[in-house]
Amino acid sequence: MGSRKKPAIQIGISAQDRKSISQGLSRLLAETYTLYLTTHNFHWNVTGPQFNTLHGMFMVQYTELWNAVDPIAERIRALGFPAPGSYEAFGRLSRLPDAPLTPPKATQMVEWLARGHEQLAATAREVFKNADKADDQPTADLLTQRMDVHEKTAWMLRSLLEE
């Protein structure tokens, strides 16, 4: 038995554009997973007078982030590249810092997550430029949805910090 040749991907997007978009999506995937883990951590460890509000809010947020990782990874695969899926890979790709070892106060958690959602919106916007230039509508659609979610979530978190 000989080895089978991998079929060429002919979807109307050049190999170089698919690679560039996949690299950007890999960063978005890593940052999404990092923010998911941090949000789940904060859900477990939040304390104080806002406990009920934040515990429930963080659960909604980490569930949304968890549901986002699969479509991002599958889009990378559809473009012909392997999706990163290890803590080492995510650590190299993500621009988000890991959660602190000691859980911060509730207000600091809210600030931390708001910044994280803003970073994900910015990352999605960066990748969108490449997807739009390459006429990659499925990726552009995915990124538009992610920007909307992250910008709204950041706004809601920032609203909790107002006096």
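Every number here is computed from the coordinates shown, using simple stated rules; none is lab data. Here the structure is a predicted model, which means the values were calculated and not measured. Neighbour counts run over all protein chains shown; Cβ positions are idealised from the backbone, glycine included.
Distance cut-off 30 Å, Cα to Cα: go down the list LYS19/LYS105; LYS105/LYS129; LYS129/LYS152 and report the pairs above it.
Distance filter (> 30 Å) returns LYS19/LYS105; LYS105/LYS129.
Note down the magnitude of the dipole of the stretch 84-163 about its Cα centre, charges +1 on Lys and Arg C-beta and -1 on Asp and Glu C-beta and zero elsewhere, to the nearest 20 debye. Before the final figure, lay out each step's value.
On the way: 10 positive and 13 negative charges, 38 e Å.
Charge dipole, the stretch 84-163, about its Cα centre: 180 debye, nearest 20.
Among MET147, MET109, which comes first, second and so on when ranked by fewest other beta-carbon atoms within 10 Å?
Least to most surrounded, the residues fall as MET147, MET109.
Rank ILE76, HIS40, GLY116 by how far each Cα sits towards the positive end of the charge dipole of the chain (+1 on Lys, Arg Cβ; -1 on Asp, Glu Cβ) and give me just the farthest.
It is ILE76.
How many times 2.2 N^0.38 Å is the alpha carbon radius of gyration of the chain?
Taking the Cα Rg and dividing by 2.2 N^0.38 Å, one obtains 1.16.
When PHE81, PHE42, PHE51 are ordered from fewest to most other Cβ atoms inside 10 Å of their Cβ, what list results? Please list the in-between numbers first.
Values: PHE81 17, PHE42 24, PHE51 11.
By the 10 Å Cβ count, ascending, the order reads PHE51, PHE81, PHE42.
With +1 on the Cβ of every Lys and Arg and -1 on the Cβ of every Asp and Glu, and nothing else charged, how large is the dipole of the chain about its Cα centre, in debye rounded to the nearest 20?
720 debye
In what order do THR47, THR32 fall by count of nearby beta-carbon atoms within 10 Å, going from fewest to most?
Ascending Cβ contact count within 10 Å gives the list THR47, THR32.
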